[in-house]
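Q: Dropping a structure here in structure tokens format, bear with me for questions.
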Amino acid sequence: MDSLTQIVLGAACGEAVLGKKIGNRAMLFGAIGGTIPDLDVYVGSLIYGNAIDSMLFHRGFMHSFVFAFIAAFLLGWLIYRLYNTGRRFGTTTQKDWTHLFLWALITHPILDSFTPYGTVLFAPFSNYRVAFNNIAVVDPFYTIPFLIFLLIAMFFKRTSKRRRLFLWWGIGISSCYMLFTIGNKVYIDHIFKASLSYNSIEYKRFMVQPSIFSNILWYGIAETDTAYTVAQYSLMDRGNRFLNFVDLPKQRDLKPSAYTDINNLAWFSDGYYSVYKISDSTYQYNDLRYPLLDTTDPNSSVFSFKLYRDNGRLNMKPFERNTEKINVAIQSIWERAKGI
């Protein structure tokens, strides 16, 4: 999920493990631990000269269980040596610090796995991307109550029972909301299946995911033999069907058989993608797991970028966004979430 959410969750883990011993500093170290996996964005750009490789590195090994365990032991050993000096000597143990970083590091990719982007939890042994698709990458209904309770807890003494109470209220409410989104996802899956059947759409597979900022408006995509078909559904709709299905062609102006990079990007998008030729040297890649900015334009995916040939391979750069069009799309999402 977004960086703020991961910081809040990491801080809560730090408080749960070491808050009684070192107070607010436990939240600080937990927040640092909860941020570390997302540093793979910068690590990937340093390791790879190709932007596609760098993007695919994100939510890869540094978001895996293996990395969490290795990094927790290393950081636990290092921070214990640095912290356990002077007047602080004997106040904490290496085991305390290892547990703090383990919880902060391992909850980060687990939380990310609930989002549509997904996480390669089992790297390097498997490249299977775990994505439960039940919560958006940014969902203030999960983050804000959690953050408020954690901020309140900071104002109590480290040994105060109220401090622990507010911590667990924050964890409990956010966890209950997560359980709601999981149940909602099961319900939405049923609605989408029924909608496809109602519209006599024969499909091979499908996926649904919430639109950004809430769990109210949902986007569904189904793959048929010749195309993809997409639609939206709001919990505020009067009926219980996805409406206004739009067909998107399986455009493949660059073939996976011709470029390994396309094959890798197809894996990243779970096969829901299109590639359009823009000019003799550039192409647009659309990740169709995410909604369109304009339902009348199949080449307007929210998640898209330009591809170009580079030393016998493909490379990428972010697609130029039309700010006005994005603002209109956000307004459209808000209006659509109100229901029809």
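The values are calculated or read from the model by the stated rules, or taken from the named source; none is laboratory data. Predicted model, so just to flag it, every value in this text is computed and none were measured. All Cβ positions, even for glycine, are placed from backbone atoms using ideal geometry, and neighbour counts span all protein chains on display. Ligands, DNA and RNA are stripped out before the accessible areas are found, and what is left, the full protein with its side chains, is counted by its heavy atoms. Shrake-Rupley method; radii C 1.70, N 1.55, O 1.52, S 1.80 Å.
Q: Membrane-span-like helices in the chain: DSSP H runs reaching 20 Å or more (Cα, own axis), mean Kyte hydropathy at least -0.5?
A: Once both thresholds are applied, what remains is 3-22, 65-83, 94-112, 161-198, 323-337.
Q: Here's another thing I want to ask about it. Lys and Arg at +1, Asp and Glu at -1: add these up for the other residues within a Cβ distance under 10 Å of P37 and post the number. Can you show the working numbers first?
A: Details: positive: R59; negative: D38, D40, D112.
After counting each charged neighbour, the total is -2.
Q: Suppose every K and R has +1 on its Cβ and every D and E has -1 on its Cβ; what is the size of the dipole of the stretch 92-184 about the Cα centre, in Debye to the nearest 20?
A: So the magnitude is around 560 debye.
Q: If one computes P(r) from the Cα atoms of the chain, what percent of pairs lie at distances over 25 Å?
A: It works out to 58 percent of all Cα pairs.
Q: Related question: Tell me, what are the semi-axes, in whole angstrom and largest first, of the equivalent ellipsoid of the stretch 222-327 as set by the roots of 5 times the Cα gyration tensor eigenvalues?
A: Semi-axis lengths for the stretch 222-327 are 28, 16, 11 Å.
Q: Given 10 Å bins starting at zero, what is the percent of C-alpha pairs of the stretch 116-228 in each, up to the one with the largest pair distance?
A: Whole-percent P(r) values from 0 Å outward: 13, 30, 28, 19, 7, 3, 0.
Q: While we're looking at this one, here's another question. Write down the accessible area per residue of the stretch 1-69 in Å², having rolled a 1.4 Å probe over the full set of protein chains. Walk me through the intermediate numbers first.
A: Numbers: 2610 Å² over 69 residues.
So the stretch 1-69 comes to 38 Å² accessible per residue, rounded to a whole number.
Q: Cα centroid distance between the stretch 261-340 and the stretch 18-34, in Å?
A: 40
Q: Rounded to whole Å and sorted largest first, list the principal axis extents of the Cα atoms in the stretch 168-220.
A: If we take the Cα atoms of the stretch 168-220, the spans are 47, 18, 16 Å.
Q: Would you compute, for the Cα atoms of the stretch 52-147, the largest minus smallest coordinate along each principal axis and list the three values in descending order, in whole Å?
A: So the extents along the principal axes, rounded to whole Å, are 47, 36, 20.
Q: Give the cross-link partners of K95 among the aspartates and glutamates, using a straight C-alpha distance below 17 Å as the criterion and excluding same-chain residues fewer than 8 apart.
A: Leaving aside aspartates and glutamates fewer than 8 places away in the same chain, those within reach of K95 are E15.
Q: Using the Cα centre of the stretch 1-154 as the reference point, and only Cβ charges (+1 on K/R, -1 on D/E), how large is the resulting charge dipole? Debye, rounded to the nearest 20.
A: 680
Q: Follow-up. Heavy atoms only, probe 1.4 Å: what % of the accessible area of the stretch 82-207 goes to carbon and sulfur, would you let me know?
A: 67
Q: Please give the calculated 222 nm ellipticity per residue for the chain, where each DSSP H segment of at least 4 residues contributes -39500 (n - 2.57) and the sum is spread over every residue; nearest 500 deg cm²/dmol?
A: Result for the chain, helices only: -15500 deg cm²/dmol.
Q: Which of the lysines could be linked to K204 by a straight reach, that is with a Cα gap under 27 Å, when you skip same-chain ones fewer than 8 residues away?
A: Reachable lysines: K185, K193, K250, K255, K277.
Q: Is there a quick way to get the dipole size of the chain? I mean about its Cα centre, with the Cβ of Lys and Arg at +1 and of Asp and Glu at -1; what is the value in debye to the nearest 20?
A: On the way: 34 positive and 25 negative charges, 341 e Å.
Dipole size: approximately 1640 debye.
Q: Using the Cα atoms of the stretch 10-96, I'd like the radius of gyration and the largest Cα-Cα distance, Dmax, both in angstrom.
A: Cα-based Rg and Dmax for the stretch 10-96 come out at 15.5, 49 Å.
Q: Right, next: Within the chain, what's the longest run with no GluC sites (Glu not before Pro) in a DSSP loop and at most 16 other beta-carbon atoms within 10 Å? Give the range, please.
A: The segment 1-201 is the longest one with no such site.
Q: Can you bin the stretch 254-313 into rounded, prolate or oblate? Criterion: square roots of the alpha carbon gyration tensor eigenvalues sorted a ≥ b ≥ c, rounded for a/c under 1.5, prolate for a/b above b/c, oblate for the rest.
A: oblate
Q: I would also like to ask the following. Treat each spin label as a single point 7 Å out from the Cα along the C-beta direction, and report the T93 to N240 distance in nm.
A: Label at T93, label at N240, 5.4 nm between them.
Q: Express the accessible area of the stretch 209-340 per residue in Å², computed with a 1.4 Å probe while the remaining protein chains stay in the model.
A: Values: 6510 Å² over 132 residues.
Ligands and nucleic acids excluded, the figure is 49 Å² per residue.
Q: Something else now. In the stretch 250-312, what percent of the accessible surface is made up of carbon and sulfur (1.4 Å probe, ligands and nucleic acids excluded)?
A: 46
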